Amino acid sequence: MHTDKKFNTILYISGIIVLILVMGIFISLILNSFPSIKAFGWKFLIGKGWNPVSGKFGALPFIVGTLLTSFIALLISIPFSFAISILLGEYYKKGILSSTLNTTVELLSGIPSIIYGFWGLFVLVPIIRAFEIKTGIPPYGVGIFTSSIILAIMIIPYSASLGREVISLVPSDIKEAAYSMGATRFEVVRDIVLPYARSGIFAGFLLSLGRALGETMAVTMVIGNANILPSSIFAPGNTMASVIANEFTEASGNLYLSSLIEIGIVLFIITTIVNIIGRIVIKKIAFEGGN
């Protein structure tokens, strides 16, 4: 009994420390971005211009760039991560193919982002540029679409690994009961496995989206670093993380520096909102699945 109380106390203190850290980070960002907040107010979020020379700063191009790259990457990654999850979680749980794919997925998750950036710059960009030339699109090579492909490759291991684990936890007696009633493998996956594991699969997609929102180096190397609203998904752009990485060391003025920090706050808030919405949806999916 005494051990349980000590353990609960440790958990309670750990939770408080984490909460204090998060609040401390947020408050410190607010304080350091106050000159920008005072100068631009809410118009900072809808401002399209970013000109350090004239002292005009607007975050809209970077918000749009971040959301575009992240959600396009998520859409590209879903079919692949979904297929890998089912393949490894249901069809090939053991064997050479399973171990090979598992090792490959783990390797993809462990590659540094700058390596992805180099690969994208020297391999993917020429391929995209050749495609743009053939289709009559301005041949930038770099841009929103290129960085989305890089992000998609980077986030597949996160959603695929969690989806595989959740699918492998589906009770075997439920599946065996379906097989005994004449259900095929496909019907078991569609009617038993996926409804049972859907909240966990969605959680994997949410985890990968959070990874995409905050990615910096790989995106910085292939997005084109244009501080304007992208005219199409093939045009160069910038994300909130990439503009901070590119310009933070060059920010000489107080207003310039505080504007970059305010972009960090916006990224912090967007990531928090996405996670809150995701958790609500996960709870709803889990509740409906239980019914």
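The values are calculated or read from the model by the stated rules, or taken from the named source; none is laboratory data. Not measured: the values here are computed from a predicted model. Heavy atoms of the whole protein, side chains included, go into the accessibility calculation; ligands, DNA and RNA do not. Shrake-Rupley method; radii C 1.70, N 1.55, O 1.52, S 1.80 Å.
Please work out the C-alpha center-to-center distance from region 117-150 to region 225-275 and express it in whole Å.
Region 117-150 and region 225-275 have Cα centres separated by 22 Å.
With a ≥ b ≥ c the root eigenvalues of the C-alpha gyration tensor of region 2-49, is it rounded (a/c under 1.5), prolate (a/b larger than b/c) or oblate?
Verdict is prolate for region 2-49.
Computed from these coordinates, which is Kirkwood radius over Cα pairs in Å: [x] 26.1; [y] 20.6; [z] 21.5?
Here Kirkwood radius over Cα pairs in Å agrees with entry [z].
Between their Cα atoms, which of Lys56/Lys284; Lys6/Lys283; Lys43/Lys283; Lys175/Lys283; Lys175/Lys284; Lys5/Lys175 are more than 32 Å away from each other?
Table pairs above 32 Å Cα-Cα are Lys56/Lys284; Lys43/Lys283; Lys5/Lys175.
Under a 1.4 Å probe, what is the accessible area of the chain per residue, stated in Å²?
Accessible area per residue, the chain: 55 Å².
Accessible area of region 160-201 with a 1.4 Å probe: how many percent of it is carbon plus sulfur?
On region 160-201, the fraction of accessible area on carbon and sulfur atoms equals 60 percent.
Using only Cα atoms, tell me the angle between helix 254-290 and the longest principal axis of the chain; keep it within 0 to 90° and round to the nearest 10.
20 degrees
Does region 12-78 come out rounded, prolate or oblate by the C-alpha gyration tensor, with a ≥ b ≥ c the root eigenvalues, rounded set by a/c under 1.5 and, if not, prolate when a/b is larger than b/c and oblate if not?
Note, shape of region 12-78 comes out oblate.
Can you give the calculated 222 nm mean residue ellipticity of the chain, where each DSSP H run of n ≥ 4 adds -39,500 (n - 2.57) and the sum is split over every residue, rounded to the nearest 500 deg cm²/dmol?
-23500 deg cm²/dmol
Any idea what angle helix 144-168 forms with the longest principal axis of the chain, computed on alpha-carbon atoms, 0 to 90 degrees, nearest 10?
Here the helix axis deviates by roughly 30 degrees.
Assuming 0.890 mPa s and 25 °C, estimate D for region 148-196 with Stokes-Einstein, Rh taken as the Kirkwood radius over Cα pairs, in µm²/s.
200 µm²/s
Round to a whole number: what % of the accessible area of region 1-150 belongs to carbon and sulfur, probe 1.4 Å?
Within region 1-150, the accessible surface is 76 percent carbon and sulfur.
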